[in-house]
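Participant: Provided herewith is a single structure, encoded as structure tokens, for subsequent inquiry.
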Amino acid sequence: MLSLFATAALLFNAEVEASEVVEPEPVVEAETAEVNPTPAAPLVTSEGDVAGADESHPYFGVQGDVGLPDGAGASLLVMPVSWMRLHVGGLATLSGSGARAGLTLVAFPKSGVRPILGVEGGYAFSGSATWIPYLGTLPVLSRALEQVSYGWGSAHVGFELGSPHFAIVLRGGLSYVDLTFAGPRLDVGGATLSASSMTLRGIIPSARAGLMIAF
């Protein structure tokens, strides 16, 4: 009888042990180290500028200068990029007033001495040039100088000396000039000979010097 109870107790303990649920051990996730990608090296232009960096060159400016065939002038400058200048302005010419516009290309725009190459065109409106010393007193020319107008196109090389914000500008080259003036009046044997107008065209040396202020 005791053996039966012992056998039943052993079977009961075996069933209890079999029914116990073994809990799985928690899985520990390995921490993933954050990997910082190496930043790409900045692109550098041929002029030494970093691509995408803030541009420090000025975009607008003014320029005053004197020269031939322009006369004395004042211009507004627009600089969309550091190596380009666009200008338009007014003039005080030999015959009165005028206007001009042009384009200048700049080499080494951040250096203190900058070679430049420019082209421009202008026109001096009709006016009197009899004020020119000596020429205005000559009988043959006094009539012609009463009404003078001319247009021109120039090609110049030169230098800008100074910073991109303030510089002396020197340039020289050649200009094609189309000059129109009143025809002369001549008295010959009691008769008067006159012409309504005359035109001279040709290529002449030209030069200009001035100051540039940019902001």
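The values are calculated or read from the model by the stated rules, or taken from the named source; none is laboratory data. What you see is a predicted model, and the numbers here were worked out from it, not measured in a lab. Cβ atoms come from the backbone with ideal geometry, glycine included; neighbour counts cover every protein chain shown.
Participant: Using beta carbons and a limit of 8 Å, which pairs, at least six apart or on different chains, have the first residue in segment 75-87 and in contact (Cβ under 8 Å) with a residue 24 or more places away in the chain and the second one among the basic types (Lys, Arg) and surrounded by fewer than 19 Cβ atoms within 10 Å (Cβ to Cβ)?
Facilitator: Ser82/Lys110
Participant: Over 17 Å from Leu68 (Cβ atoms), β-branched (Val, Ile, Thr), more than 14 Å from the chain's Cα centre (by Cα) and modelled with pLDDT of 90 or more - does that describe any residue in segment 126-140?
Facilitator: No, segment 126-140 contains no residue that is over 17 Å from Leu68 (Cβ atoms), β-branched (Val, Ile, Thr), more than 14 Å from the chain's Cα centre (by Cα) and modelled with pLDDT of 90 or more.
Participant: Select from segment 68-108 the residues that are hydroxyl-bearing (Ser, Thr, Tyr) and not in a loop (DSSP other than H, G, I, E, B) and write down the one among them that is nearest to Ile132 (Cα to Cα).
Facilitator: Thr93
Participant: Determine if segment 85-94 includes at least one residue that is surrounded by fewer than 15 Cβ atoms within 10 Å (Cβ to Cβ), touching a Pro at 6+ places or on another chain (Cβ under 9 Å) and not charged (D, E, K, R).
Facilitator: Taking every residue of segment 85-94 in turn, at least one turns out to be surrounded by fewer than 15 Cβ atoms within 10 Å (Cβ to Cβ), touching a Pro at 6+ places or on another chain (Cβ under 9 Å) and not charged (D, E, K, R).
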